[in-house]
Amino acid sequence: MGNLDGQVAFITGAGSGIGRGTAERLAREGANICIADIDMDGGEHTASTVREFGREALVVPCNVASIEQVQEAIAKCVSGLGRLDVAVANAGIGRGGTVLEMSLKDWQDQVDINLTGVFLTVQAAAREMVRLGNGGRIICMASLAAEVTGAMSWSYSATKAGVRMMVRGWAQELGQYGITVNAIGPGVIDTPLAHGLAGDEGGPIRTALERRTPAGRAGRPADIAGLIAFLSGPDAAFMTGSYLIMDGGLRDARSPELNPQLEEERMRHMAAAVERRQKLQPLIDAR
Ligand SMILES: NC(=O)c1ccc[n+]([C@@H]2O[C@H](COP(=O)([O-])OP(=O)(O)OC[C@H]3O[C@@H](n4cnc5c(N)ncnc54)[C@H](O)[C@@H]3O)[C@@H](O)[C@H]2O)c1
């Protein structure tokens, strides 16, 4: 018996990283999972793991920046899996850049997906939860970057700080329907998104980061998935409007001296991340 037996969770960006880890964890807790992503191959990969746990998985194409696609994905979730108990607004992208160089397109994509996408997901999910009348749990993916920022990461931080504040307002509005809304602030978690920042295991950037982190390692999707399982389960019934950081202690760790060799390595990894992004760009633009 799991904490979420027979429940249904809708997770955006569940075709990779934290979203995939969350789908697997909530399935282990007994939930059937609706996987909403622009990456159908990634979504199917996640679905096969969910099914290994004996749970139902439904993969729906969904660009969170499109109101039509989000509304359709929520409708398919409820018609396909029969209910909606948990919604995780997890899909997000990172677009680093200086204020002198940031293009309007990079700014806009980040706002459309990280901020508007969370709004559209929560609106569609909450409307359905209110209609069904069983309450619900909504978890939104912010970041440690909602309160810590710097050169090149300010635009990502702005979107994540926005998520953190939206959640506080939504908690006020949705409590009367038995719906809780919380935000999570992960530190550096080992996923494709973070790869450009932290590099490979054993590499210089990753090693420096691990040394700097009090917990001695980067986070894993399973770490964050555990927190989402808690927020989805009975022990979190009294928690709403909160922002929970899980970062291995990184927030208060001292920055290392600027090391030119490390900086060069970091730039190399950022270039690799840009390459991966260019592969996804046509999917992001199809809205
Ligand atoms: N990895 C980290 O260190 C870290 C830290 C803090 C916060 N986060 C946040 O966690 C969330 C998940 O990140 P991740 O690290 O697992 O990244 P990831 O790149 O591994 O996964 C992101 C998923 O979102 C999907 N996606 C991208 N754009 C989409 C769109 N428009 N519509 C629907 N799906 C879309 C991608 O296809 C992918 O499957 C993001 O919101 C990210 O900002 C990550």
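The values are calculated or read from the model by the stated rules, or taken from the named source; none is laboratory data. Values in this document were obtained by computation on a predicted structure and should not be read as measured data. When we count neighbours, we look across all protein chains shown, and the Cβ atoms used for this are built from the backbone with ideal geometry, even at glycine.
Remark: I11 falls outside the filter, which requires a residue to be farther than 18 Å from G136 by Cβ, of a type in the set (A, V, I, L, M) and under 14 Å from the mean Cα position of the chain (by Cα). You will find that of V99, V111, V64, V86, the residue that is in contact with a helix residue (DSSP H, G or I) (Cβ under 8 Å, 6 or more places away or on another chain), under 28 Å from W154 (Cβ atoms) and surrounded by 24 or more Cβ atoms within 10 Å (Cβ to Cβ) is V64 and no other.
Provide a single number: the residues in segment 39-68 that are outside any strand (DSSP E or B) and closer than 20 Å to A89 by Cβ.
If we filter segment 39-68 for residues that are outside any strand (DSSP E or B), which is where we start, we get 39-56, 62-68.
Subsequent filtering for residues that are closer than 20 Å to A89 by Cβ retains 39-40, 42-43, 46-47, 50, 62-68.
So the answer is 14.
Can you tell me which residue within segment 34-77, out of those that are acidic (D, E) and more than 9 Å from the ligand (Cβ to nearest atom), is farthest from L4 (Cα to Cα)?
E68
If you go through segment 20-38 and pick out every residue that is surrounded by fewer than 22 Cβ atoms within 10 Å (Cβ to Cβ) and either part of a helix (DSSP H, G or I) or modelled with pLDDT under 95 (or both), you end up with 2.
Within segment 93-126, can you find the residues that are more than 11 Å from the ligand (Cβ to nearest atom) and outside any loop (DSSP other than H, G, I, E, B)? Working first, answer last.
At the first step, the residues of segment 93-126 found to be more than 11 Å from the ligand (Cβ to nearest atom) are 96-108, 111, 119, 122-126.
Within segment 93-126, L104, K105, D106, W107, Q108, V111, F119, V122, Q123, A124, A125, A126 meet the criteria.
Here the condition is being without any contact (Cβ under 8 Å) to a residue 12 or more places away in the chain and not hydroxyl-bearing (S, T, Y); of E72, E68, E29, it holds for E68 alone. If you go through segment 192-219 and pick out every residue that is within 26 Å of K279 (Cα to Cα), touching a Pro at 6+ places or on another chain (Cβ under 7 Å) and more than 12 Å from the ligand (Cβ to nearest atom), you end up with 0. Taking every residue in segment 113-137 that is farther than 22 Å from L280 by Cα and pairing it with any residue that is among the aromatic types (F, W, Y) and at pLDDT 95 or above, at least 6 positions away or on another chain, the pairs with Cβ-Cβ distances below 7 Å are V122/W170; A125/F10; M129/Y177; V130/Y177; G135/Y177.
The residues in segment 132-155 that are near the ligand (Cβ under 10 Å from one of its atoms) and outside any loop (DSSP other than H, G, I, E, B) can be counted, and the count is 5. Taking (1) under 15 Å from M246 (Cβ atoms); (2) buried (at least 19 other Cβ atoms within 10 Å of the Cβ) in turn, L174 satisfies each apart from (1).
Give the residue, chosen from V88, V70, that is hydrophobic (A, V, I, L, M, F, W, C), in contact with a strand residue (DSSP E or B) (Cβ under 7 Å, 6 or more places away or on another chain) and either within 28 Å of R131 (Cβ to Cβ) or modelled with pLDDT of 95 or more (or both). First the steps, then the outcome.
Numbers: V70 fails: in contact with a strand residue (DSSP E or B) (Cβ under 7 Å, 6 or more places away or on another chain).
It is V88.
Scanning segment 178-209 for residues that are surrounded by 17 or more Cβ atoms within 10 Å (Cβ to Cβ), assigned to a helix (DSSP H, G or I) and not basic (K, R) yields a total of 9.
With respect to M129, determine if the residue is within 19 Å of I228 (Cα to Cα), within 12 Å of the ligand (Cβ to nearest atom) and of a type in the set (A, V, I, L, M). Spell out how you get there, then give the answer.
Values: within 19 Å of I228 (Cα to Cα): yes; within 12 Å of the ligand (Cβ to nearest atom): no; of a type in the set (A, V, I, L, M): yes.
No, not satisfied.
Kindly establish whether L104 is of a type in the set (A, V, I, L, M), free of Cβ contacts under 8 Å to residues at least 12 places away in the same chain and within 26 Å of L280 (Cα to Cα). Spelling it out, L104 is indeed of a type in the set (A, V, I, L, M), free of Cβ contacts under 8 Å to residues at least 12 places away in the same chain and within 26 Å of L280 (Cα to Cα).
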